[in-house]
1. Can you name every residue in segment 104-124 that is within 14 Å of VAL21 (Cβ to Cβ) and either part of a loop (DSSP other than H, G, I, E, B) or in contact (Cβ under 8 Å) with a residue 60 or more places away in the chain (or both)?
2. For ASP72, indicate whether it is touching a residue at least 60 places away in the same chain (Cβ under 8 Å), of a type in the set (D, E, K, R) and at negative phi.
3. Going residue by residue through segment 51-58, is there one that turns out to be of a type outside the set (Phe, Trp, Tyr), under 20 Å from THR132 (Cβ atoms) and either crowded, with 17+ Cβ neighbours inside 10 Å or in contact with a helix residue (DSSP H, G or I) (Cβ under 7 Å, 6 or more places away or on another chain) (or both)?
4. Filter segment 8-50 down to residues that are of a type in the set (Asp, Glu) and at pLDDT below 85 and give me whichever is nearest to THR80 (Cα to Cα).
5. Examine segment 86-103 for a residue that is assigned to a strand (DSSP E or B), of a type in the set (Val, Ile, Thr), closer than 19 Å to TYR11 by Cβ and at pLDDT 90 or above, and state whether such a residue exists.
6. Given the conditions (1) among the hydrophobic types (A, V, I, L, M, F, W, C); (2) at pLDDT below 95; (3) in contact with a His (Cβ under 9 Å, 6 or more places away or on another chain), which single one is not true for VAL58?
7. Every residue in segment 92-108 that is polar (S, T, N, Q) and within 16 Å of TYR56 (Cβ to Cβ), please.
Amino acid sequence: MPAYNSTNPPYAIYPGDSAIVQNAADGTAGTAPFVAGFRTQQIAIGRRDGESLSPYTVQIVFSGAPGAVEADVCESDIDTAGSYIEAVSGNMTTVDNSQAVNPVARFTANSSSARFVTVIWKTAPANAVSATITIHR
């Protein structure tokens, strides 16, 4: 997936769907575009009839131990870059390094009314790793 863009309407995911919003092929930490401030592809959170709150999960899989890192899950009801705000407890700074290969960071929004989601690298990983970010619905 490309970085945040103005695709209108943006890609949407519904219950049972997943979307990769940053692929490991997008580069390694510290090299453009994977630097602090990099914003991933945005995703529309599709709803079924009668559904008002939409749970979703964001998972980051690193190619190795990332070192110090912060990725912020941001939500919005309007799909403009300046309208996104950090989701409640959406700053991902803890990585499960118990797996020697592919450490994982995970965020779950159990009940969100947001219509759009993106991830912003507040602090790119300290180590030269790649990352794949997937949003699951």
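1. Selection gives PHE116, VAL117, THR118, VAL119, ILE120, TRP121.
2. For ASP72, the condition - touching a residue at least 60 places away in the same chain (Cβ under 8 Å), of a type in the set (D, E, K, R) and at negative phi - is not met.
3. yes
4. ASP26
5. No, the conditions are met nowhere in segment 86-103.
6. Against the list (1) among the hydrophobic types (A, V, I, L, M, F, W, C); (2) at pLDDT below 95; (3) in contact with a His (Cβ under 9 Å, 6 or more places away or on another chain), VAL58 comes up short only on (2).
7. Within segment 92-108, THR108 is the sole residue that qualifies.
The values are calculated or read from the model by the stated rules, or taken from the named source; none is laboratory data. These numbers come from a predicted model, not from an experiment. FYI the Cβ positions are ideal-geometry reconstructions off the backbone, even for glycines, and counts take in every protein chain you see.
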